[in-house]
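Novice: Below is one structure. I have some questions about it.
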Amino acid sequence: MNKTTPLAIIGTGFSGLGMAIKLKEAGYSDFVILEQSDDIGGTWHENHYPGCACDVQSALYSFSFEQNPNWSRMFAQQKEIKAYLKHCAEKYGLMKHIRLNTHVAGARYNEASQTWTLETVDSPSLWAYMKARGLNPGDELDRKDPELPAFDTLKTPILVSGMGGLSTPAYPNIKGLDSFTGKRFHSQDWDHEYDLKGKRVAVIGTGASAIQFVPEVAKVAGRLDLYQRTPPWIMPKPDRAITPVERALFRRVPQTLNALRNSIYWMLEARVLGFVINPRVLKLGELQARRHIRSQIADPELRRKVTPDFHFGCKRVLISNNYYPALAQDNVDVLTDGIREVRGNVIVDSNGTEREVDCIIFGTGFKAQDPIPRGVVFGRGGQDLLDAWKDGAEAYKGTAVAGFPNFFMLMGPNTGLGHSSMVYMIESQIQYVLDAVKKMDREGWQSVEVKADAQSRYNTSVHAKLGNSVWQTGGCKSWYINENGRNTTLWPGFTWQFRQQTRSFDAEQFICQPGRQPLQAPAGVTA
């Protein structure tokens, strides 16, 4: 690998690939994309559990500039989304820029040279080391350990993170879990070599991933114990196959696909009225969700267990047609008493009831409040990004952080959505970062750093809008909210409002230092 690059991108999901495509379209061709996995796709490569699919319609969950007329279903499954991203990477000539199996273990800003120094390591070697040390993804590394694989360095003036907020698995803190003698894995690290047929399986967690894989596990497991802390609100999934005639029409008349995309977009945008403006509107959704429970579950006790006791929308609303029927199967038990400890191959609940299991599957989601682990990103004065976020993650327009010059985040704090496609938000941020790069070239700026007061004013406004939202007032504890009661994940408004904010780089809100050498866009390309 070259030791320097004018621009580095981390990740090959929608964020990283989209940023790279737009850079190339603008004439910038000297950059690298660092990917820790052995293939591209980001979360759609990492997550491959049975039943994995998107919960946003395919026509909208795709790039606006690369719409896909060949989706097979209204809600695409994991393999199809990953294939779409691979197609985008190949079509736009990105493969030569991508460095697979390259984990970014650290990024440190050098104030004298106004550049970032990245520490990279061979991913398979690092995973083997972490497994031997009993470490999970996101755990801090002991840099003094002589067995730690060797690091390489890469210097770059501009660093773009496309790592995403749901990339570091979260594991429950359960007494004796390390003593478990059976098989265990997180849904993101699904072990397809392990045969679940006839096994006694415990699933811990009932989030978005679990409601997709539980029905698949229930088909083959001898017994499935589902440990539920809080039931989610679940709506019917309006999924169906897209017919060959429809796909042919989309190919021959692209305007029809665009019309479908726009109709879905505005339908989903209407949900903001309930989430943010008037949560009472969501009562209609709750009534439909309750009907969904009654129509799919006959047992009154099971109905009680799966009915949430908080307002609809307070937590992420999920969609499924096969989750409730799976819970009603004879080989499935929904357990709500919590887990006291694990002893060998036995799970002991809070009442002291013991249940033997062969396998534990964690459906416990991700560390949304710590999207970037401690000890990875260091800005001015060697400040760890997590120390800058001691009260909770925040950024200016979800993209730039005071004290971290030339560091741009895609899918950063308060850019998440509870109602629509993240790809729309990602494209908005990409436009903002691209305009920043162009203006840095044109004006000769070596570094740009958002002003602390600009970041503070922006986030004060964001949290004021969040104050009356259902996420703050709905009476639940969700991964949207951190331990200080701050919602650091969600955007409090319509997505078109965010796009308006990010349509151009507002340099007046940044400290812009001169001395930059251009990225050398080809002749004829406007920088």
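The values are calculated or read from the model by the stated rules, or taken from the named source; none is laboratory data. This one's a predicted model, so the numbers in the text were calculated from it and none came from an experiment. As a convention, Cβ positions derive from the backbone with ideal geometry for all residues, glycine included, and neighbour counts pool all protein chains shown. Just the protein is used for accessible areas: all its heavy atoms, side chains included, with ligands, DNA and RNA removed. Shrake-Rupley method; radii C 1.70, N 1.55, O 1.52, S 1.80 Å.
Residues are listed down the side, and each one gets a yes or a no for (1) in a helix (DSSP H, G or I); (2) at pLDDT 90 or above; (3) open to solvent by less than 60 Å² (accessible area, probe 1.4 Å):
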{"position": "125", "(1), (2), (3)": "yes, yes, yes"}
{"position": "131", "(1), (2), (3)": "yes, no, no"}
{"position": "140", "(1), (2), (3)": "no, no, no"}
{"position": "145", "(1), (2), (3)": "no, yes, yes"}
{"position": "150", "(1), (2), (3)": "no, yes, no"}
{"position": "159", "(1), (2), (3)": "no, yes, yes"}
{"position": "163", "(1), (2), (3)": "no, no, no"}
{"position": "167", "(1), (2), (3)": "no, no, yes"}
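Novice: Taking the condition assigned to a strand (DSSP E or B), at pLDDT 95 or above and surrounded by 15 or more Cβ atoms within 10 Å (Cβ to Cβ), does residue 340 pass?
Specialist: Considered against the rule, which asks whether it is assigned to a strand (DSSP E or B), at pLDDT 95 or above and surrounded by 15 or more Cβ atoms within 10 Å (Cβ to Cβ), residue 340 comes out as yes.
Novice: Any chance segment 176-198 includes a residue that's assigned to a loop (DSSP other than H, G, I, E, B), in contact (Cβ under 8 Å) with a residue 12 or more places away in the chain and of a type in the set (Ser, Thr, Tyr)?
Specialist: Yes: segment 176-198 contains one or more residues that are assigned to a loop (DSSP other than H, G, I, E, B), in contact (Cβ under 8 Å) with a residue 12 or more places away in the chain and of a type in the set (Ser, Thr, Tyr).
Novice: Pick from segment 91-119 the residues that are of a type in the set (Ser, Thr, Tyr) and buried (at least 21 other Cβ atoms within 10 Å of the Cβ): which of them is nearest to residue 25 (Cα to Cα)?
Specialist: Ranking the candidates gives 102 first.
Novice: What tally of residues in segment 188-199 results from selecting those that are open to solvent by less than 70 Å² (accessible area, probe 1.4 Å) and modelled with pLDDT of 95 or more?
Specialist: Final tally of qualifying residues: 6.
Novice: If residue 88 meets every condition in (1) outside any helix (DSSP H, G or I); (2) touching a residue at least 60 places away in the same chain (Cβ under 8 Å); (3) crowded, with 17+ Cβ neighbours inside 10 Å apart from one, which number is that one?
Specialist: Of (1) outside any helix (DSSP H, G or I); (2) touching a residue at least 60 places away in the same chain (Cβ under 8 Å); (3) crowded, with 17+ Cβ neighbours inside 10 Å, only one is false for residue 88: (1).
Novice: A further question follows. Among residues belonging to segment 453-463 that are open to solvent by 70 Å² or more (accessible area, probe 1.4 Å) and not β-branched (Val, Ile, Thr), point out the one that is farthest from the chain's Cα centre (by Cα).
Specialist: Of everything passing the filter in segment 453-463, 453 is farthest from the chain's Cα centre (by Cα).
Novice: Regarding residue 280, is this residue out of contact with any Lys or Arg (no Cβ under 6 Å at 6 or more places or on another chain), surrounded by fewer than 19 Cβ atoms within 10 Å (Cβ to Cβ), part of a helix (DSSP H, G or I) and modelled with pLDDT of 95 or more? Walk me through how you get there before you give the answer.
Specialist: Values: out of contact with any Lys or Arg (no Cβ under 6 Å at 6 or more places or on another chain): yes; surrounded by fewer than 19 Cβ atoms within 10 Å (Cβ to Cβ): yes; part of a helix (DSSP H, G or I): yes; modelled with pLDDT of 95 or more: no.
Considered against the rule, which asks whether it is out of contact with any Lys or Arg (no Cβ under 6 Å at 6 or more places or on another chain), surrounded by fewer than 19 Cβ atoms within 10 Å (Cβ to Cβ), part of a helix (DSSP H, G or I) and modelled with pLDDT of 95 or more, residue 280 comes out as no.
Novice: What pairs can you find where one residue is in segment 294-307 and free of Cβ contacts under 8 Å to residues at least 60 places away in the same chain, the other is of a type in the set (Ser, Thr, Tyr), and their Cβ atoms are less than 9 Å apart, with a gap of 6+ or different chains?
Specialist: Once the first residue is free of Cβ contacts under 8 Å to residues at least 60 places away in the same chain and sits in segment 294-307, its partners that are of a type in the set (Ser, Thr, Tyr) give 295/324; 296/323; 296/324; 297/324; 302/324.
Novice: How many of the residues in segment 1-34 are under 15 Å from the mean Cα position of the chain (by Cα), of a type outside the set (S, T, N, Q) and assigned to a loop (DSSP other than H, G, I, E, B)?
Specialist: Count: 2.
Novice: Does residue 377 satisfy being among the hydrophobic types (A, V, I, L, M, F, W, C), touching a Leu at 6+ places or on another chain (Cβ under 8 Å), open to solvent by less than 20 Å² (accessible area, probe 1.4 Å) and farther than 27 Å from residue 197 by Cα?
Specialist: yes
Novice: Taking the options 208, 202, name whichever one is within 22 Å of residue 223 (Cα to Cα), aliphatic (A, V, I, L, M) and open to solvent by less than 10 Å² (accessible area, probe 1.4 Å).
Specialist: 202
Novice: Moving on. Given the criteria under 23 Å from the mean Cα position of the chain (by Cα) and open to solvent by 80 Å² or more (accessible area, probe 1.4 Å), does residue 271 qualify?
Specialist: Spelling it out, residue 271 is indeed under 23 Å from the mean Cα position of the chain (by Cα) and open to solvent by 80 Å² or more (accessible area, probe 1.4 Å).
Novice: Just checking: which of the helices (runs of 4 or more DSSP H) contained wholly in segment 417-477 hold 1 or more residues that are touching a Cys at 6+ places or on another chain (Cβ under 9 Å) and farther than 29 Å from residue 207 by Cα?
Specialist: 422-443
Novice: How about segment 313-331: which of its residues are open to solvent by 10 Å² or more (accessible area, probe 1.4 Å) and either more than 22 Å from the chain's Cα centre (by Cα) or among the basic types (Lys, Arg) (or both)?
Specialist: 315, 316, 321, 322, 325, 328, 329, 330, 331 - these are the residues of segment 313-331 that are open to solvent by 10 Å² or more (accessible area, probe 1.4 Å) and either more than 22 Å from the chain's Cα centre (by Cα) or among the basic types (Lys, Arg) (or both).
Novice: Still on this structure, please answer the following. Name the residue that is most open to solvent (accessible area, probe 1.4 Å), counting only residues in segment 380-391 that are under 30 Å from residue 232 (Cα atoms) and either in contact with a helix residue (DSSP H, G or I) (Cβ under 8 Å, 6 or more places away or on another chain) or not hydrophobic (A, V, I, L, M, F, W, C) (or both).
Specialist: 390
Novice: Let me ask another. Test residue 437 against the criterion of being crowded, with 22+ Cβ neighbours inside 10 Å and in contact with a strand residue (DSSP E or B) (Cβ under 8 Å, 6 or more places away or on another chain), and give yes or no. Even if it seems obvious, please write down each step before you answer.
Specialist: Values: crowded, with 22+ Cβ neighbours inside 10 Å: yes; in contact with a strand residue (DSSP E or B) (Cβ under 8 Å, 6 or more places away or on another chain): yes.
Taking the combined requirement at face value, the residue satisfies it.
Novice: Name the residue, out of 32, 56, that is open to solvent by less than 40 Å² (accessible area, probe 1.4 Å) and either without any contact (Cβ under 8 Å) to a residue 40 or more places away in the chain or closer than 27 Å to residue 258 by Cα (or both).
Specialist: Numbers: 32 fails: either without any contact (Cβ under 8 Å) to a residue 40 or more places away in the chain or closer than 27 Å to residue 258 by Cα (or both).
So the residue among 32, 56 that is open to solvent by less than 40 Å² (accessible area, probe 1.4 Å) and either without any contact (Cβ under 8 Å) to a residue 40 or more places away in the chain or closer than 27 Å to residue 258 by Cα (or both) is 56.
Novice: Mind telling me which of the residues 24, 82 ends up being surrounded by 17 or more Cβ atoms within 10 Å (Cβ to Cβ) and under 21 Å from residue 410 (Cα atoms)?
Specialist: Residue meeting the stated conditions: 82.
Novice: Of all residues in segment 392-422 being of a type in the set (A, V, I, L, M) and over 14 Å from the mean Cα position of the chain (by Cα), which is most open to solvent (accessible area, probe 1.4 Å)?
Specialist: 402
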